[in-house]
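The values are calculated or read from the model by the stated rules, or taken from the named source; none is laboratory data. The model shown is predicted, which means the values in this text are computed figures rather than measured ones. Note: ideal-geometry Cβ built from the backbone for every residue, glycine included; neighbour counts use all protein chains shown.
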Amino acid sequence: MLKYADELKLNIDSTLQELPLWEVEVDLNCFGSDLIKPFKDEPVLPGVMITDNRRYVGMISRRKLFEYISRPFTSELFYNRPIAMSLKILQIEEGFVISETTSIMEATYLSLQRSPELVYEPIIVKAASENNRLLDFHQLLLAYSQIHVITLANSAQTQEKTKIPDKDFHELQHLQIQLLHQEKIKALRQIVSSIANEINNPATMNRVFRRYHRQIAIALCLPLFLTMLTGVGYTIVDEWFGQGQLGAFLLSLHTLEIIHLEKIYPLLNGLGLLGLLITGLSMTGLFRKSSDR
């Protein structure tokens, strides 16, 4: 008698060959009544494999068969005709075949990728001997659930074994903070040393100032253009044409008061211009020449 999946001793590496598999075959030339018999004898039989001289030609599932014969006037015709006449209607067109060496975890994932109307159909399991057997999808889910429970229990045991006492944990945390602080100090020293080397090398410093000058110029291009445009526009609109409301709008845009940046926007522009001035003068070499003299 076949065991249910939840009665087996499974683990995360268990494969399909450890599960209850069905190997019930009916010849293609038998009558429909012969096909009904194994389903009546085995109430949990998921399906039957149809063969032609022992060669596999298709599979008919319990669900598909009983749906078909439940139609009006169908059962009488089906019982007295060869299975071959109804095979195209009854067989699962997309036969889902998995090797018996496939893990239960992987097989569950693959089975769930089937289309919704086929996801609960039996799975055809191919053995090393090339013989096909059937696996009930519900048995696969039971096995997956059992493995999932075992995995969670093992994980909890592992966490309990590797749990660090509070005192050791705080000491380890303090050590990690010290190591991190030492790494920061080391990195800071390297940065300071690199800056000092650049300062002592005039050619390097010239390249550095040129790079900073270019970056500041790019960053200030739009703000300065906006300041110039709104300043000139305010003078023309307010002083020449007397459009006070439009002038007030341009003034608020001039200081970015419109987005509440009026307290820092002029300062940022000023600092940017000061940076351009410093980097620009440094690139001229005026200070180096005077110091050389």
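The table below gives the values:
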quantity: Qualifying residues in the range 85-104 (those that are touching a residue at least 60 places away in the same chain (Cβ under 8 Å) and crowded, with 17+ Cβ neighbours inside 10 Å) - the one farthest from the chain's Cα centre (by Cα); calculated: GLU100
quantity: Near pairs, Cβ below 7 angstrom, 6+ apart or cross-chain, from the range 239-262 (touching a residue at least 12 places away in the same chain (Cβ under 8 Å)) to any residue that is aromatic (Phe, Trp, Tyr) and surrounded by 14 or more Cβ atoms within 10 Å (Cβ to Cβ); calculated: GLY247/TYR234; LEU250/TYR234; LEU251/TYR234; HIS254/TYR234
quantity: Number of the condition not met by ASN29 [criteria: (1) more than 40 Å from the chain's Cα centre (by Cα); (2) outside any helix (DSSP H, G or I); (3) crowded, with 17+ Cβ neighbours inside 10 Å]; calculated: (3)
quantity: Check on GLY95, within 30 Å of GLN146 (Cβ to Cβ) and either modelled with pLDDT of 85 or more or not in a strand (DSSP E or B) (or both); calculated: yes
quantity: Any chance LEU251 is in contact with a Phe, Trp or Tyr (Cβ under 9 Å, 6 or more places away or on another chain) and either surrounded by 11 or more Cβ atoms within 10 Å (Cβ to Cβ) or modelled with pLDDT under 75 (or both); calculated: yes
quantity: Test set (1) touching a residue at least 24 places away in the same chain (Cβ under 8 Å); (2) touching a helix residue (DSSP H, G or I) at 6+ places or on another chain (Cβ under 8 Å) - THR74 fails condition number; calculated: (1)
quantity: Exclusive hit being part of a helix (DSSP H, G or I), modelled with pLDDT under 70 and of a type in the set (Val, Ile, Thr), set VAL232, VAL192, VAL237; calculated: VAL192
quantity: Which listed residue is modelled with pLDDT of 90 or more and not hydroxyl-bearing (Ser, Thr, Tyr), from ASN53, ASN29, ASN11; calculated: ASN29
quantity: Every pair of residues 6+ apart whose Cβ atoms lie under 7 Å, when the first sits in the range 144-170 and is in a helix (DSSP H, G or I) while the second is at pLDDT below 80 and acidic (Asp, Glu); calculated: GLN146/ASP6
quantity: Selected residue [assigned to a loop (DSSP other than H, G, I, E, B), in contact (Cβ under 8 Å) with a residue 40 or more places away in the chain and either at negative phi or buried (at least 16 other Cβ atoms within 10 Å of the Cβ) (or both)] from ASP34, ASP13; calculated: ASP13
quantity: Filter pass, PHE66 being part of a helix (DSSP H, G or I), within 18 Å of GLN139 (Cβ to Cβ) and under 45 Å from the mean Cα position of the chain (by Cα); calculated: no
quantity: Sole exception among (1) closer than 23 Å to ARG133 by Cβ; (2) in a helix (DSSP H, G or I) for ILE50, by number; calculated: (2)
quantity: The range 243-274: number of residues that are under 17 Å from PHE225 (Cα atoms), touching a helix residue (DSSP H, G or I) at 6+ places or on another chain (Cβ under 7 Å) and not aliphatic (A, V, I, L, M); calculated: 5
quantity: Output for the range 256-272, where each listed residue is surrounded by fewer than 14 Cβ atoms within 10 Å (Cβ to Cβ) and of a type in the set (A, V, I, L, M); calculated: ILE258, ILE259, LEU261, ILE264, LEU267, LEU271
quantity: The range 26-54, residues that are out of contact with any helix residue (DSSP H, G or I) (no Cβ under 9 Å at 6 or more places or on another chain) and of a type in the set (D, E, K, R); calculated: LYS37, LYS40, ASP41, GLU42, ARG54
